[in-house]
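Everything on this sheet refers to the single structure shown next.
The values are calculated or read from the model by the stated rules, or taken from the named source; none is laboratory data. The model shown is predicted, which means the values in this text are computed figures rather than measured ones. Cβ placement follows ideal geometry from the backbone for every residue including glycine, while neighbour counts extend to all protein chains displayed. Note: accessible area is taken over every heavy atom of the protein model, side chains too, but ligands, DNA and RNA are not part of it. Shrake-Rupley method; radii C 1.70, N 1.55, O 1.52, S 1.80 Å.
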Amino acid sequence: MQAPAAELALRFDNSFVRALPADPEPKNYRRQVLGACYSRVDPTPVSNPALLAWSGELAQRLGLPADPQTDPDLAARLAQVFAGVEQLPGMAPFAACYGGHQFGNWADQLGDGRAISLGEVLGEGGQRWELQLKGAGPTPYSRMGDGRAVLRSSVREFLCSEAMHHLGVPTTRALSLVTTGDAVVRDMFYDGHPRPEPGAIVCRVAPSFLRFGNFELFAARDDRATLARLADYAIETHFPALASAHAAGDPQRYARWFVEIAERTAEMIAHWMRVGFVHGVMNTDNMSILGLTIDYGPYGWIDDYDPDWTPNTTDASTRRYRFGNQPRIAAWNLLRMAAALRPLIGDEAPLQAGMDAYAAALDRHTLTSFAAKLGLAELRTDEDAEDPRSGLWLVDELLTQLATTSTDMTLFYRALADLPLAEDCDDESLLAPLLPAYYEDLRPRARAETLAWLRALTAKVRGEGHDPAQRRARMNAANPKYVLRNYLAQQAIERAEAGDQDMLHELQAVLRAPYDEQPGREHLAAKRPDWAKHRPGCSMLSCSS
Ligand code: AMP
Ligand code: MG
């Protein structure tokens with residue numbers, strides 16, 4: 001029996017397809033698409049969709065039911081809709097055309113090869129949300145791919161985008177996770193052993209999925225008219241204050257827009273560095289113009305702190321996308337975006353202003369987040385980083401120590417709020433809260449250096465004389481207790497593949513309040529067990545998804 005249609009009444013307002021040039025070819029086959037921002041394409045039906053997970057709080061903001069899993073008919077209907085089998089009135093599915101730089105090289109046309117947008121919904125407060133199915137079947141941009149996604153990568157995208165949101169990191173969201181009932185063949189290690197895996201579809205949600213690559217493609221093709229139309233659409237729809245300040249065609253409009261993109265990107269990157277997130281594929285087609293974390297593929301979370309770690313096996317040789325390189329790669333990507341906007345601005349100088357704005361915003365956000373993480377009143381760039389009484393020395397020295405000892409990043413920072421602050425505290429008591437964070441015992445020299453750092457930190461904190469309870473609350477709001485540890489995601493995947501969704505749901509629930517102590521849930525905050533150290537899915541991931 002179908003749930004009443006009224007229950008799924010969404011307010012569609014499809015600005016993207018309305019405002020922008022469409023590919024005139026209605027047939028769905030792989031091709032180069034010129035002079036158009038998108039192609040109309042319907043999802044390819046799947047055999048037996050089932051709703052595995054649902055983001056109730058996001059659903060409510062869109063105008064959808066919060067808790068469909070208590071009503072089997074409704075859950076079945078939502079599975080049909082968010083597998084792309086049933087289209088609701090007002091939907092206008094399309095795949096977007098974009099290009100991108102992959103691993104530093106121009107890759108030309110890429111496009112939504114397995115993502116199909118259903119349309120844009122006006123939700124709570126008139127907020128615009130694009131709904132996009134990932135894995136909904138082939139599109140004109142599928143190139144060699146099948147347009148599908150496997151359960152393991154879909155679980156990872158679903159859990160991580162919601163976890164990031166609740167961590168306060170700008171990100172695309174995930175509404176639903178649906179299994180399709182169809183097998184998808186993947187060669188997970190690219191070693192000539194393809195095997196069938198369960199297929200799945202995530203409905204992801206964001207105000208827009210526009211990427212740097214959407215603009216780069218038209219610039220690369222010298223298609224200034226489409227470039228300008230797309231830029232004006234993006235600004236008018238998603239940066240309304242800029243649109244009213246500067247008319248279409250005014251170079252200032254695009255120059256100021258680039259500054260905004262750069263500043264948002266800086267804020268996103270500072271958050272990644274704060275929580276220990278490594279994106280893994282920071283290609284320009286995976287960079288959102290809204291500064292949202294987008295395209296969850298072979299991402300990973302820092303366990304044992306190592307700025308050189310990359311989760312992506314494809315990136316293992318050059319480590320371009322390693323944790324510590326993310327700020328620099330974002331700047332490199334912004335330069336590609338600047339080059340794409342150059343025809344609209346006509347001059348280098350405003351673009352340099354955007355790059356300067358990126359550097360300044362990154363410094364600002366980084367200092368703010370480190371001050372909160374360490375429980376210091378503030379950090380300033382004009383301090384003397386050589387002086388052990390300065391906050392900058394504390395940060396630099398800490399990052400060196402974390403990189404040279406075997407330390408769980410999340411546990412370490414979280415424990416800082418529990419440090420005894422008394423000046424006469426003995427060494428054992430001072431170090432005690434941190435001990436659970438170490439994967440190996442500290443050697444004598446590292447122990448001495450750590451103690452010296454702790455003494456410097458606690459002395460500075462005492463000198464600042466802040467209210468301990470407030471300081472602690474601020475620290476705990478910057479240092480999460482629960483993150484989507486690589487091995488936990490992998491365990492949830494293996495259980496879901498075996499038909500047991502309990503861990504998936506448990507992680508989803510815990511990660512909704514990542515800064516809270518959640519009694520009884522401590523096992524989901526535990527450091528990486530030894531078995532997970534070199535296990536695929538836990539420490540290394542391929543792009544196969
Ligand atoms: P990604 O590395 O996931 O950002 O993907 C890069 C490009 O490959 C994008 O254009 C994707 O749409 C496309 N792509 C990835 N996987 C598939 C697939 N299974 N079928 C079709 N296109 C895909
Ligand atoms: Mg992508």
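Rank these residues by their accessible area, most exposed first, probe 1.4 Å: 179, 404, 284.
From most accessible down to least: 404, 179, 284.
The apolar share of the surface of the stretch 82-172, taken as the fraction of accessible area on carbon and sulfur atoms (1.4 Å probe, ligands and nucleic acids excluded), comes to 51 percent. At q = 0.07 Å⁻¹, what is the log10 ratio I(q)/I(0) for the chain, with the Debye formula run over Cα points and no solvent? Taking Cα atoms of the chain as identical point scatterers yields -0.41. What the Cα atoms of the stretch 117-261 give is an Rg and a Dmax of 18.5, 56 Å.
Taking max minus min of the alpha-carbon positions on each principal axis, the stretch 353-485 gives extents of 49, 35, 29 Å, largest first.
Out of the GluC sites (Glu not before Pro) in the stretch 412-444, which ones are loop residues according to DSSP with at most 13 other C-beta atoms within 10 Å?
Here the sparse-neighbourhood loop sites are 423, 440.
Counting charges near residue 510 (Lys, Arg +1; Asp, Glu -1) among other residues having Cβ under 14 Å from its Cβ returns a value of -2. Accessible surface for residue 368 stands near 90 Å², nearest 10, in the context of the full protein assembly shown (1.4 Å probe). So for the stretch 496-535, considering every pair of alpha-carbon atoms, how many percent are separated by more than 14 Å? Result: 58 percent of Cα pairs exceed 14 Å.
Distances between every pair of Cα atoms in the stretch 213-374, grouped in 5 Å steps from 0 to the bin holding the largest one, split as 2, 9, 17, 20, 19, 14, 10, 6, 3, 1, 0 percent. Annotation for the stretch 314-400: GluC sites (Glu not before Pro) lying in DSSP loop with at most 16 further Cβ atoms inside 10 Å of their Cβ are 348, 378, 386. For the stretch 284-356, the C-alpha radius of gyration sits at 1.31 times the compact-globule guess of 2.2 N^0.38 Å, with N the residue count. Between the stretch 286-346 and the stretch 205-236, what's the alpha-carbon centroid distance in Å? The two parts, judged by their Cα centres, are 19 Å apart.
Take residue 47: with every protein chain present and a 1.4 Å probe, its accessible area is about 80 Å².
Plugging the Kirkwood radius over Cα pairs into Stokes-Einstein for the stretch 391-465, at a temperature of 20 °C and a viscosity of 1.002 mPa s, what D comes out in µm²/s? Diffusion coefficient, whole number: 171 µm²/s. At what distance in angstrom do the alpha carbon centres of the stretch 97-116 and the stretch 379-397 lie from each other? First find each Cα centre; the distance between them is then 42 Å. Of the trypsin sites (Lys or Arg not before Pro) found in the stretch 1-105, the ones in coil according to DSSP and having at most 10 other Cβ atoms within 10 Å of their Cβ are 27.
Convex hull volume of the C-alpha atoms in the stretch 5-209, normalised per residue: 135 Å³. Accessible area ranking (1.4 Å probe, heavy atoms, ligands and nucleic acids excluded), largest first, for 527, 481, 533: 533, 527, 481. Screening the chain for DSSP H helices whose Cα atoms reach 15 Å or more along their own axis and whose mean Kyte hydropathy is at least -0.5 gives 151-167, 224-238, 251-275, 326-345, 349-374, 391-404, 444-464. Translational diffusion coefficient, Stokes-Einstein: compute it for the stretch 45-104 using the Kirkwood radius over C-alpha pairs as Rh, at 20 °C and 1.002 mPa s, and state it as an integer in µm² s⁻¹. Translational diffusion coefficient: 157 µm²/s. Taking all protein chains together, 37, 543 sort by accessible area into 543, 37, largest first [probe 1.4 Å]. Computed with a 1.4 Å probe on the full set of protein chains, the accessible area for residue 455 sits at about 80 Å².
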